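For reference, the structure discussed in these notes is given below.
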Amino acid sequence: MPYLKPERPEKVSAPSLRASKERGERLVCLTAYDYPTARIVDEAGIDIILVGDSLGNVVLGYGNTVPVTLDEILIHVKAVRRGVERALLVADMPYGTFHTGADDTVRAALRLVKEGEAEAVKLEGGQKRVKLVRRLVNEEISVMGHIGLTPQSINQLGAYRVQGKTADAARRLLDDAYALEDAGVFSIVLELVPREIAQMITERIKVPTIGIGAGVHCDIQVLVFHDLLGMAFGKLPRFVREYANLRDTITDAVTRWAEDVRGGTYPSDAESYGLPAEAAAEMKIETKKVKA
Ligand code: KIV
């Protein structure tokens, strides 16, 4: 029997997300940074794949997202693109790529869309990014907003903390969401926001909210792939639920392999290649039959 690919729901696009929200569908978004992960995540039916600048934390070992460059993220976007068929592919705009003017911002976003074949970009910041969002949307680039905790602001914030905890701060978050919606974003990430405020925003705007540490009322949930699978280091934020512990699984596998090598039981004859009988006879080498 030939392998038949299972029927898959239709391709996710930026405009289709608004209709999903209207239908009350709960969609899912995960980060991915390389080809195999992208394939696995896409084939598992995840709706949105984000090549996030969390790349800096979980893959490149920078400790935060600030050092990530456009060239770095682009390499990962290209790799992920090759593994994604159905999910919407979104690329993060790294810190520094939208801080020196609208033309530079468009140039950077165009590289992610044209060279990386991302279908949308994500930009951190609320009302202060409205002009940039309008400009990008005007250039036919779909934009995902990101408010609440914006990790690229770590040097000003000092630490990753829940945002919007006072009435004033919560009102500012609401205004950020309205302003971004009005500027044309197709969705908004709400990171580390009290669930009541996330619910309020979700109910008041038409584009979907994508929550991370923002409670159950967001339209879509997102997590960092390495956090979900137990491949991150250090203390995890309370919103992360680890569904696997791949650190331990990997440690176990590589340790057993190293033991086998050191003990001389890897590779076995079946895991290596013997000299064909004719050549062995000519060279007067004794060979033994090996079970495949
Ligand atoms: O960079 C990232 O992975 C993100 C998500 C956590 C939303 O911004």
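See the values below:
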read-out: Of all DSSP beta bridges in the chain, antiparallel share, percent nearest 5; value: 5 percent
read-out: Packing rank of 38-47, 272-281, 14-23, where each peptide gets the mean count of other beta carbons within 10 Å, highest leading; value: 38-47, 14-23, 272-281
read-out: Cα centre as origin, Lys/Arg/Asp/Glu Cβ charges: the chain dipole, Debye; value: 540 debye
read-out: Cα-derived Rg to Rh of the chain, Kirkwood definition; value: 1.12
read-out: Net dipole in debye of the stretch 143-265 [+1 Lys, Arg Cβ; -1 Asp, Glu Cβ; about Cα centre; nearest 20]; value: 280 debye
read-out: Residue-averaged 222 nm ellipticity for the chain, from DSSP H runs of 4+ at -39500 (n - 2.57), nearest 500; value: -10500 deg cm²/dmol
read-out: Total formal charge among the other residues, if their Cβ is under 15 angstrom from that of ASP104, Lys/Arg +1 and Asp/Glu -1; value: +2
read-out: Exposure proxy ranking, count of Cβ atoms within 10 Å, fewest first, for LEU228, LEU50, LEU236; value: LEU236, LEU228, LEU50
read-out: Taking only Cα atoms of the stretch 110-212, radius of gyration then Dmax in Å; value: 13.6, 43
read-out: Chymotrypsin sites (Phe, Trp or Tyr not before Pro) lying in DSSP loop within the stretch 185-241, provided at most 10 other Cβ fall within 10 Å; value: PHE233
read-out: Residue among MET93, HIS76, LEU110 farthest towards the positive dipole end of the stretch 72-111, charges placed on Cβ; value: HIS76
read-out: In degrees, nearest ten, helix 195-204 long axis to first principal axis of the chain (Cα); value: 70 degrees
read-out: Protection proxy ranking, peptides 74-83, 159-168, average beta carbon neighbours within 10 Å, highest first; value: 74-83, 159-168
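Values quoted throughout were computed directly from the atomic coordinates according to the rules given, and no laboratory measurement underlies them. Quick caveat, the model's predicted, so the values are computed rather than measured. Because the Cβ atoms are built from the backbone with ideal geometry, glycine has one as well, and the counts that use them run over all protein chains shown.
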